[in-house]
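These notes concern the structure reproduced below.
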């Protein structure tokens, strides 16, 4: 039975993020697959005409730039090559999107972001406000990672997770990942003929995680099923549905809406905006390891008290984001820490009334307040 959300109809999905991978946009010779892209833009135009707001997350800049610069290994032989290829290819990519959307009477806008832009709360809110204004003006934003300045330390590494974070920033109702596979299978369908498609996923549990592998079938992109499931965790945790569907057909969104294959990860109950941002972060600056009692207390919605902390790892300042983990290494929450790493280590395992004596003054009775913490 087809799920009511199949195709992400405009009547049920007001705001949609669509991610397109490099292998779909660029052929092995480094040329834009213009004919295919025009069919996708037709899908976008139909949705915009039906009242759906659309944001595009587009890969392809490095692949395009590498061909123009005649760089080896698709421009990924070194960080410098990737940055140069991105800077060159991004112009061609944005021109292509602007031209094809203009043919349909749609104005395009370009947004380039780094991981840091969405991990920093102030810049995240700025990006969110820009997306909101563009959509209010009936513009289709085309977003890509700013690979010309991104380094290993400040990059998403794949546009699947970027799309999920953009969906979160834009308060999207759904995210569609166009891929070289048509959904999540019980095993890799490229190597296992018996693999079966899972059309609806309500919970991302260990069984779902075990079905993924990290390979990018095309060799051109940087993602795989692992990155797509990571993106699904971010999107669904922020209250957005996420779909994986094939882009290897013309007009892929229309094909899906008319009964084509795809997998939908259903949104979890929504978090508040601040907690959603925390839960969806890809970087943290430390870890607070807690005992079983603290884990149970956090599960009931309580703040993290120093008494429940077994140890503190990493270097961080007050207000930084840290992971809260169990003693066997499971990340169970993420939050804004009330103490720097030195002070946190001193009060770990101690009762709140001991803090003043240990630190010389009383600051906060909690290590991470529940209002500044998100379970993950």
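If you take the residues in region 148-200 that are out of contact with any strand residue (DSSP E or B) (no Cβ under 7 Å at 6 or more places or on another chain) and not in a loop (DSSP other than H, G, I, E, B), which one is modelled with the lowest pLDDT? Per the stated criteria, the residue is 154. The residues of region 325-342 that are buried (at least 19 other Cβ atoms within 10 Å of the Cβ) and either in a helix (DSSP H, G or I) or not assigned by TED's automatic domain parsing to the domain that holds residue 289 (or both) amount to a single one, 341. With respect to (1) modelled with pLDDT of 85 or more; (2) closer than 30 Å to residue 244 by Cα; (3) not in a loop (DSSP other than H, G, I, E, B), the lone exception for residue 274 is condition (1).
Only a single item in (1) in a loop (DSSP other than H, G, I, E, B); (2) without any contact (Cβ under 8 Å) to a residue 60 or more places away in the chain; (3) within 26 Å of residue 188 (Cβ to Cβ) is not met by residue 259, and it is number (2). Do we find that residue 334 is modelled with pLDDT of 85 or more and over 29 Å from residue 120 (Cβ atoms) in this structure? Taking the combined requirement at face value, the residue does not satisfy it.
When each of 242, 253 is tested for being in the same structural domain as residue 183 (by TED's automatic domain parsing), outside any loop (DSSP other than H, G, I, E, B) and under 15 Å from the mean Cα position of the chain (by Cα), the lone residue that passes is 242. Can you say whether residue 105 is more than 21 Å from the chain's Cα centre (by Cα), part of a loop (DSSP other than H, G, I, E, B) and touching a residue at least 12 places away in the same chain (Cβ under 8 Å), as far as the supplied structure shows? Criteria met by residue 105. Residue-level analysis places residue 4 outside the set of residues that are over 16 Å from residue 159 (Cβ atoms), within 23 Å of the chain's Cα centre (by Cα) and surrounded by fewer than 20 Cβ atoms within 10 Å (Cβ to Cβ). Would it be correct to say that residue 160 is surrounded by 17 or more Cβ atoms within 10 Å (Cβ to Cβ) and either on the phi > 0 side of the Ramachandran plot or within 14 Å of the chain's Cα centre (by Cα) (or both)? Answer is yes for this residue.
Quick check: anything in region 279-289 at pLDDT 90 or above, in contact with a strand residue (DSSP E or B) (Cβ under 9 Å, 6 or more places away or on another chain) and under 23 Å from residue 206 (Cβ atoms)? Yes, some residue in region 279-289 is at pLDDT 90 or above, in contact with a strand residue (DSSP E or B) (Cβ under 9 Å, 6 or more places away or on another chain) and under 23 Å from residue 206 (Cβ atoms).
Listed by first and then second residue, the pairs linking a residue in region 123-147 that is at pLDDT below 90 to a residue that is surrounded by 13 or more Cβ atoms within 10 Å (Cβ to Cβ) and part of a strand (DSSP E or B), with Cβ atoms under 7 Å apart and 6 or more places separating them unless they lie on different chains, are 127/113; 145/113; 146/112; 146/113. Filtering region 201-211 to residues that are touching a residue at least 12 places away in the same chain (Cβ under 8 Å) and surrounded by fewer than 15 Cβ atoms within 10 Å (Cβ to Cβ) leaves 202, 209. Just one of the listed residues (298, 315, 358, 285) is over 30 Å from residue 163 (Cβ atoms), within 26 Å of the chain's Cα centre (by Cα) and not in a strand (DSSP E or B), and it is 315.
The values are calculated or read from the model by the stated rules, or taken from the named source; none is laboratory data. Just so you know, these numbers come straight off a predicted model, no measurement behind them. Cβ atoms come from the backbone with ideal geometry, glycine included; neighbour counts cover every protein chain shown.
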